[in-house]
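Chemist: Attaching a single structure in structure tokens format; questions to follow.
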Amino acid sequence: MSKLAMRRAWFQVHKWIGLILAILIIPLSVSGAALVWHDGLDRIANPAHYAVSGTTTRDPAIYLAAAKAVLGPQQRIAQIAMPEHGGPVTVAATPAAQAGPPRGGPPVRTMVYLDPPSARVLQVAASNAGLVRFLHVLHGSLQVPGVGRQIVGWIGVFMMVSCFTGLWLWWPTVGKWVRGLWYNRHRNTDTNLHYLFGFWVALPLFVLSLTGAWISFPQFFGSIAGESRPRGGPGGGMPDRAAMARAKPLKAPAQPLSVVIARAAPLAAGAPLRSIAWPTDRTPDWTVTFAGQGRPIAVKVADDTGSATAAPARPQGGVARWMRRIHDGTDMGIVWQVIIFVGGILPAVLAVTGIIMWWRARSWKADLKRKLKAKRAAPTAA
């Protein structure tokens, strides 16, 4: 195949990936860019959650009583989370009669937001409500139940191909390659923007597409990286997600909350308390988490005997964890966060400019065909 024929083939691949996926790429990229600033966006979208009067915390039993006062009798407390960066105390509750999680998503919980110093109720809301949660689901599954995660993963795969073909088409066919860095490669502004932005965003977009596909297909990519683990079931392995989602907190645990904290605290060596997870019908242990040096300290407290044991530390390394950190920018520094923010905005620009370029070429080709047809018909008319 000649270089010209190969270029034409890559052009068709690049064009049709862009046209077919444009309507999906735009919401996916914009939502991803917004979620880079997750915490700040949440404060703007939910100011009531953060209307706290201070950072001093009280006995978790006080927060438990305050939450129970506003929850219905069928709600079971699942977790209490203490604030880390000046936010509220959060109490999560699960309906006792909930049949299971919505298809393709986590179970819906009732969230009670409390003022740390006073235990005053700031707001009560569903865990799936609000702008930030909507953006998370949109970016992770395009709001499509069941198969949405797989759709997003395949978009990531096709976007990697689009990045490769786009760089191939960007490369100037005449002159030195640095000519491709010039802005005025074409008489149309949208075409110049498409070439310029496409080049500078190609590498970050390839990385974001790869990491997004990895998150969507962890078993496949994990097997390539040698990190694949068997799914839950007989013989151990990873816990079954559906089973975890169906777990219900115990209605009346045997151990009081104060006893659980007292038994767990000595194993944390004075570290600040971060969260308390209630025992469930599937895991009859309390999980008390403290802020450790570099990684959280988890302590399991048996609900039947009250005995406390340090939980095995969760592995902090691994390719999968790095892929997620790279994709969402967690603890990656402001420079990378800005890069992936721009890498989220520019694909939407490329989709729009690509459609404009395709439509203009389509119109131009139609005009050319009409002119050629009129030219052929002219001698006959004469």
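Chemist: What is the spin-label model distance, in nm, from ARG370 to ILE224 if the labels are put 7 Å beyond Cα along the C-beta direction?
Modeler: In this crude spin-label approximation the distance works out to 4.8 nm.
Chemist: Continuing with the same structure: What does the helix-only formula give at 222 nm for the chain: each DSSP H stretch with n ≥ 4 adding -39500 (n - 2.57), the total divided by the residues, and the result rounded to the nearest 500 deg cm²/dmol?
Modeler: -17000 deg cm²/dmol
Chemist: Ignoring ligands, DNA and RNA, please state the percent of accessible area on the chain from carbon and sulfur, probe 1.4 Å.
Modeler: 64
Chemist: Using a Gaussian network for the chain with springs between C-alpha atoms less than 10 Å apart, which of these wobbles most: GLY270, GLY148, GLY198?
Modeler: Looking only at GLY270, GLY148, GLY198, the largest GNM fluctuation is found for GLY270.
Chemist: The range 52-95 to the range 258-305: how many Å between their Cα centroids?
Modeler: Answer, in whole Å: 16.
Chemist: Report the gain in length on full extension from THR330 to TRP168: 0.36 nm times residue separation, minus Cα-Cα distance, nm rounded to one decimal.
Modeler: Taking 0.36 nm per residue and subtracting the Cα distance, the gain is 55.1 nm.
Chemist: Order TRP200, TRP37, most accessible first, counting only protein heavy atoms with a 1.4 angstrom probe.
Modeler: Sorted descending by solvent-accessible area, the residues read TRP200, TRP37.
Chemist: Length gain on complete extension for the stretch ASP190 to ASP281, per 0.36 nm per residue less the alpha carbon to alpha carbon distance?
Modeler: Net length gain for the segment: 26.9 nm.
Chemist: Sticking to Cα atoms, compute the Rg of the range 113-161 to one decimal and its Dmax as the biggest Cα-Cα distance, whole number, in Å.
Modeler: 16.9, 55
Chemist: Any idea what the alpha-carbon Rg over 2.2 N^0.38 Å comes to for the range 31-164?
Modeler: In units of the globular-protein estimate, the range 31-164 measures up at 1.25.
Chemist: Let me have the relative contact order for the range 257-313, percent, based on Cα pairs under 8 Å that are six or more residues apart.
Modeler: 31
Chemist: Here's something else I'd like to know. With a 1.4 Å probe and all protein chains left in place, how much accessible area per residue does the range 24-69 have, in Å²?
Modeler: Averaged over the residues of the range 24-69, the accessible area is 50 Å².
Chemist: If you don't mind, another one. Per 20 Å bin, what percent of the C-alpha pairs of the chain does each bin hold, from zero upward?
Modeler: For the chain, the binned pair fractions read 22, 47, 22, 8, 2, 0 percent.
Chemist: Kindly express, to the nearest 10 degrees and within the range 0 to 90, the angle between helix 148-170's C-alpha long axis and the longest C-alpha principal axis of the chain.
Modeler: The angle comes out near 40 degrees.
Chemist: Cα gyration tensor of the range 21-100, axes a ≥ b ≥ c as square roots of the eigenvalues: rounded (a/c below 1.5), prolate (a/b > b/c) or oblate?
Modeler: Oblate shape, in that a/c is at least 1.5 and b/c is the bigger or equal ratio.
Chemist: Could you bin all the Cα-Cα distances of the range 250-380 into 5 Å bins starting at 0 and give me the percent of pairs in each, rounded to whole numbers?
Modeler: 2, 9, 11, 10, 9, 8, 7, 7, 6, 5, 4, 4, 4, 3, 3, 3, 3, 2, 1, 1, 0
Chemist: Rank-order 290-296, 349-355 by packing density, defined as the average count of other C-beta atoms within 10 Å over each peptide's residues, highest first.
Modeler: Result, highest mean first: 349-355, 290-296.
The values are calculated or read from the model by the stated rules, or taken from the named source; none is laboratory data. This structure is a prediction, so every number in the text was calculated from the model and none was measured. Here Cβ is always computed from backbone atoms with ideal geometry, including for glycine, and neighbour counts include all displayed protein chains. These area figures cover heavy atoms from the full protein model, side chains too; ligands, DNA and RNA do not enter into them. Shrake-Rupley method; radii C 1.70, N 1.55, O 1.52, S 1.80 Å.
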